[in-house]
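Throughout, read-outs are computed from the coordinates displayed, never taken from laboratory work. Everything numeric in this text was worked out from a predicted model, so none of it was measured. In this analysis, Cβ positions are derived from the backbone assuming ideal geometry, glycine residues included, and neighbour counts consider all displayed protein chains.
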Amino acid sequence: MLLYFSKFTHQVSKFSVVVLGLLILTLFSPNLYGQEEDLFGDSEGDSLLFGDEFDLGGDDFSFETDDEADSETDVSSEDDFFGDFGEEEDTEEEAEVDTTEVDEWGIDSDDDYESLITRTAEGDILEDVTDHPLELGKYVKGTILEDTGFTLSFYSPQVVPEELNTWFSYMDVSLTTELPWHFTFEPVELSFSVDISSFNFVNSFPVGGEFKGFSVMPLARAEIYGAELELGLGMFTPTFGAMAGLGYSYQYHSLFFSAGYRWNWAYNIEPIGSSWWLEPRFTAGIKFW
């Protein structure tokens, strides 16, 4: 019995030593504590689900210090999830400054409009026609001379029939007034005019006689690529007659020059009756259209 009590006492003393050691360890180690484990990572902000930081366009849901927030705000302002709004604003301001110097066509001065080219409906390039001093139509806008013109011709009969072989002829002149009626049927241009021409024939053999005066002829003229065809019907005073012409003209702005032949026919020439003649004509004129 005494031996059993001795063993029990020895075991109690060993247990007391262990308990006393744990108490001493606890007293001298107050900073030791059990840390709860974060389901999404450690307690310092590391998350298994979202990583170190989770950023939705600059808004951070993670908990951080003020210094870290300021630094990340500077970084996020440079590179945002939806773009760099600061640079876009600067670009828009620069674009506004640039466009105020030019118009919607990109022309920064009125002089540049003169260098523009346009295109026709067929797509052909049409260069801008500059104003020329000889474009005389602009000087008569709104006057009685608008869309009119004048020509002056010199001519003399060259080819005549047998009954006019003994008749002398002379140099004659004509003045033509263009009427303000012009029609264009591409590539034909149709115009109308009134021609006043002189004529002078003197018979020398076998009997005397003369045929001279002025003719008044309304004319219709068709022009295509410079070639002219004209027809007229009127008076060779004191008789009536007709004329037809064919020629070619060259135009330089409002001025033009032409050369060709005109055929004339008169109903009654005393004492030979009706006859015709052919004369070359040289013409200079001006157009106000």
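Below is a table of values for the structure above.
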| item | result |
| --- | --- |
| Under-5 Å amide H pairs with Phe240, H placed in peptide plane, nonlocal only | Tyr267, Asn268 |
| For the stretch 136-287, projected area of the alpha-carbon convex hull averaged over all directions, nm² | 9.0 |
| Area projected by the alpha carbon convex hull of the stretch 129-187, averaged over all directions, nm² | 7.8 |
| Under the Karplus curve 6.51 cos²θ - 1.76 cosθ + 1.60, θ = phi - 60°, whole-Hz ³J(HN,Hα) for the stretch 237-253, x wherever Gly or Pro sits | 3, x, 10, 9, x, 8, 8, 8, x, 9, x, 9, 10, 10, 10, 10, 6 |
| Amide H within-cut-off set for Leu179, under 5 Å, with H built and near neighbours excluded | Phe192, Ser193, Val194 |
| Dipole axis of the stretch 136-287 (+1 Lys, Arg; -1 Asp, Glu on Cβ), positive-most option in Val207, Gly273, Leu229 | Leu229 |
| Angstrom value of the Kirkwood radius, inverse mean 1/r, which spans all Cα pairs in the stretch 197-289 | 14.6 |
